[in-house]
Amino acid sequence: MNWLWRLPLGDDWGRKMLQSPVTAEVEDSVTLRVLVLALVVVGVVATDIAAETWSSLWAVPLSILGSIWSYYRRCDRNIPVKFCIAIGMLVALGAFLGRVVGELNDTRLALAELLIQLQVLHCFDVPRRKDLGYSILIGLILLGVAATLSQTLAFAPVLLLFLAIALPTLVVDYRSRLGLEQLNIQNRQSLRNSSTQGNSSVFDLKFLIFNFVMIVGLGLIIFAFLPRLPGYQLRMFPVSSPIVTRGEFTGRNIINPGYVRQGNINNQGNRNTGSGNNQTGQPGKVDNTYYYGFNSQINQNLRGEMTPKVVMRVRSQAEGFWRVLAFDRYTGKGWEVSRNDEVKRLQRSPWSYQIFLDPPVNAAQTQEIIQTYTIVSDLPNLIPAMAFPKEIYFPTPMLAVDQEDGLRSPVELSEGMTYTVISEVPKRDRTLLGKTSSQYPQNIKDYYLQIPPETATKVRKLTEKILANYNRQRVGQSNKSLDSNYEKALYLAQYLKQNYQIPENPLDLPYLNENEDLVEAFLFKHKGGYPDHFSTVLTVMLRSIGIPARLVAGFAPGEFNPFTGMYIVRNTDAYAMTEVYFPKYGWFAFDPIPKHPLIPPSVEDDQTFNTLRQFWNWVAGWLPSPVTGLLNHVFGAIFAWVSKAFSWFVSLFFQGWLGILTGLIFATAAAFLSWLGWDRWREWRYDSTLRKLPPMERLYQQMLRWTSQQGLVKHPSQTPLEYAAILYQHHTTAMAEVIDEISQAYVSWRYGGHAPDMERLQERWQEMKRNVKQASQT
């Protein structure tokens, strides 16, 4: 029961309450407090910028007010204030729990707002350095949350500003821990009371700038070389808040804001989609904002061009074609979805955003690719995704899938919507696709070989002539003949690229006459057309020789931002290309449009160092072509050699015990040579640095290095004379006297301006080292 006597009861409790422990630990540095406050403010602003909202700016003036209050009350116990802060924190926690129930999909912003609220309350009671440390940590966490939310470069200046403030903050905090900041305050007071003027600044501007530049440079290098490994470790993907839909969702309706804006709202996937001339193929102008091809019918007798506008941002494990929808029926002046009413509706469970899809069976090797889409500008209710999606995390309770593997939403994709798609993308194997059969299922032949009869004969004759000419030119040569449907599709796409042109002025292309066919006009009259016309022509040419094909519309990958890791997609990135069917392997795309890659981006390329490659492409865009070509050649050769060497080294470990032993020997030898090179480089750096120093400084640094090699390292807080005095305890008197003499001369030269007798000091130093060497040999 002795512990009862140690409880703070009665008069003893009163005496202990009167003894304030805060005073002993109080932080008086105004500089540190201001810098910490600046870090917190930058963290709050960074969160709002990344979230593209200004809902937390109220915290800035309150944080400033709380910091001022806390500074003037830093020596008081502030018991009532602590109780009020505790109550406020409980209220903030209750509000957070109420909000997070409705945002279980993505709680980052809710957690950030809770942290901001707690920080504002915390600002009213930060008497100690430890409390300021908590504020620094909160500012850093807010910056980290902002980094995960940010999708643009607007976050970059805030990040640099945070780093610029953090460096002097760490310096002042370290000085405060050593007690130097309190000494600096006393020195400033002494200077203020005396007539002596001096520089009392604790910041070395050159030191701060050097470290700032070094950290930013190293950060960019690490970011560029950081491997981008496939696969997400977490399966909680970004999704917008739930969207409640009203009315029955049939999945047949396509809502394109561009067509509604033109005055016709009856564009729900029936025969009156878009403007009136969209159905009949009559001449007209394209909408300057919305792509004309995102509808159940498209009219390719429209002229004009769109005004560039960012429509979405995509974070993807691989570059790809963001597929939207496909068309199976050619109308002579455009395309339509013939089975628009045959859609399959899919509903998710009420407690999850995940919807499982049913991708077609595919014999090709596939790779899982995860993509997250953020809508920046309103789009139709057609959901962009890479080919063959198997899962989608979407805010609406249900979706629809059409017969052409397109995804449809109950509502249009509005600004701010976020969703995630997981696709099982097949890898493109030219050899396997070239061996596929020409026997197609009946449902494929019924829908993907259709051509207007009046057009079929002319197009088929021209297509067969083109293929025959190629085979005739290759007789007796090593080049492969066009003996497979894959090679035929590849060659026809390349042929259109090289022999037909896009008009320089989009308005120069005349409209089609009432009875004129688009493909015939392209091939025999105009010798070219709009970019989408190339894909229409290729699709019809393939169908004319019995190869199933369809037109697919979507978005190009867009402009990759190496700093955010996102693809910036604009409305002008929308275009159409051709998908060709191969039995057992499904649909593969071919792009016949000039200046486009013949094979659209896919998963065949190694994406591990994709960020480095994309970063180089971004930098190369700013360089002159000759410089870019030279650097591509040089770095290409270097990386090719490194890749071959690395592949050879890894292959050794798959060649039995002898290969493993050889690999270990090479690894050990490489490690030894690396260490040796590093050691020699350090010695060279040390010698070159010494040569630049004044003679007295050089001798003193040589002495410090020699004593450190003997196991006696000088602590940064020790003065030269204190260090020399300690050495008397570890060395002979003669040696300690030499070291002490050098230290005395160094202090007199450094701080007193007295010229040292370098000749005598050098003689004594060399003599001492000779004596030590002789003693060690005996």
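Data for the structure
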| read-out | value |
| --- | --- |
| Condition met for PRO720 (open to solvent by less than 60 Å² (accessible area, probe 1.4 Å), closer than 24 Å to MET758 by Cα and touching a residue at least 24 places away in the same chain (Cβ under 8 Å)) | yes |
| Every pair of residues 6+ apart whose Cβ atoms lie under 7 Å, when the first sits in segment 695-716 and is in contact (Cβ under 8 Å) with a residue 24 or more places away in the chain and assigned to a helix (DSSP H, G or I) while the second is surrounded by 16 or more Cβ atoms within 10 Å (Cβ to Cβ) and of a type in the set (Gly, Ala, Ser) | MET696/ALA745 |
| Residue check, LEU664 closer than 26 Å to MET768 by Cα and aliphatic (A, V, I, L, M) | no |
| Residue list for segment 765-778, filter: within 10 Å of VAL738 (Cβ to Cβ), more than 60 Å from the chain's Cα centre (by Cα) and either acidic (Asp, Glu) or open to solvent by less than 70 Å² (accessible area, probe 1.4 Å) (or both) | GLU767 |
| Failed condition for LEU407, given (1) within 28 Å of the chain's Cα centre (by Cα); (2) in contact (Cβ under 8 Å) with a residue 60 or more places away in the chain | (2) |
| Residue list for segment 679-717, filter: farther than 23 Å from VAL738 by Cβ, surrounded by 10 or more Cβ atoms within 10 Å (Cβ to Cβ) and among the basic types (Lys, Arg) | ARG680, ARG682, ARG685 |
| Hey, SER423 touching a Lys or Arg at 6+ places or on another chain (Cβ under 7 Å) and either under 29 Å from TYR290 (Cα atoms) or hydrophobic (A, V, I, L, M, F, W, C) (or both) or not | yes |
| Residue ranges of helices (runs of 4 or more DSSP H) in segment 416-499 with at least 1 members touching a His at 6+ places or on another chain (Cβ under 9 Å) and surrounded by 14 or more Cβ atoms within 10 Å (Cβ to Cβ) | 485-499 |
| Positions within segment 70-86 being modelled with pLDDT under 85 and among the charged types (D, E, K, R), in sequence order | ARG73, ARG74, ASP76, ARG77 |
| Of the criteria (1) assigned to a strand (DSSP E or B); (2) among the charged types (D, E, K, R); (3) farther than 30 Å from THR420 by Cβ, which one GLU305 fails | (1) |
| Tabulated pairs, segment 724-735, first of a type in the set (Phe, Trp, Tyr), second open to solvent by less than 60 Å² (accessible area, probe 1.4 Å) and assigned to a helix (DSSP H, G or I), C-beta under 6 angstrom, 6+ apart or interchain | TYR728/ALA736 |
| Every pair of residues 6+ apart whose Cβ atoms lie under 6 Å, when the first sits in segment 166-183 and is under 20 Å from ALA38 (Cα atoms) while the second is open to solvent by less than 50 Å² (accessible area, probe 1.4 Å) and modelled with pLDDT under 75 | ARG175/GLU181 |
| One residue from PHE522, PHE563, PHE555 being open to solvent by 10 Å² or more (accessible area, probe 1.4 Å) and either in contact with a helix residue (DSSP H, G or I) (Cβ under 8 Å, 6 or more places away or on another chain) or at pLDDT below 95 (or both) | PHE563 |
| Near pairs, Cβ below 9 angstrom, 6+ apart or cross-chain, from segment 490-507 (in contact (Cβ under 8 Å) with a residue 24 or more places away in the chain) to any residue that is among the acidic types (Asp, Glu) and open to solvent by less than 30 Å² (accessible area, probe 1.4 Å) | ALA493/ASP591; LYS497/ASP591 |
| Given (1) at pLDDT 85 or above; (2) loosely packed, with under 14 Cβ neighbours inside 10 Å, index of the condition VAL145 fails | (2) |
| Some residue of segment 69-90 being of a type outside the set (Asp, Glu), in contact with a Phe, Trp or Tyr (Cβ under 7 Å, 6 or more places away or on another chain), farther than 18 Å from VAL40 by Cβ and crowded, with 16+ Cβ neighbours inside 10 Å | yes |
| Residue check, LEU676 open to solvent by 50 Å² or more (accessible area, probe 1.4 Å) and touching a Ser or Thr at 6+ places or on another chain (Cβ under 8 Å) | no |
| Qualifying residue in segment 504-515 (condition: open to solvent by less than 50 Å² (accessible area, probe 1.4 Å), part of a loop (DSSP other than H, G, I, E, B) and not polar (S, T, N, Q)) | yes |
| Test result for PHE223, open to solvent by 70 Å² or more (accessible area, probe 1.4 Å), aromatic (Phe, Trp, Tyr), at pLDDT 65 or above and in contact with a Ser or Thr (Cβ under 8 Å, 6 or more places away or on another chain) | yes |
| Residue that is open to solvent by 30 Å² or more (accessible area, probe 1.4 Å) and either of a type in the set (Ser, Thr, Tyr) or more than 12 Å from VAL401 (Cα to Cα) (or both), where the choices are GLU342, GLU368 | GLU368 |
| Verdict on ASP405 being out of contact with any Lys or Arg (no Cβ under 9 Å at 6 or more places or on another chain), open to solvent by 20 Å² or more (accessible area, probe 1.4 Å) and under 29 Å from ASN288 (Cα atoms) | no |
| Residues of segment 521-558 classified as over 39 Å from the mean Cα position of the chain (by Cα) and either within 24 Å of TYR290 (Cβ to Cβ) or not small (Gly, Ala, Ser) (or both), total | 12 |
| Residue list for segment 350-380, restricted to those being within 30 Å of LYS309 (Cβ to Cβ) and at pLDDT below 85 | TYR353 |
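The values are calculated or read from the model by the stated rules, or taken from the named source; none is laboratory data. Here the structure is a predicted model, which means the values were calculated and not measured. Because the Cβ atoms are built from the backbone with ideal geometry, glycine has one as well, and the counts that use them run over all protein chains shown. Side chains are part of the model used for accessible areas, which takes the heavy atoms of the whole protein and leaves out ligands, DNA and RNA. Shrake-Rupley method; radii C 1.70, N 1.55, O 1.52, S 1.80 Å.
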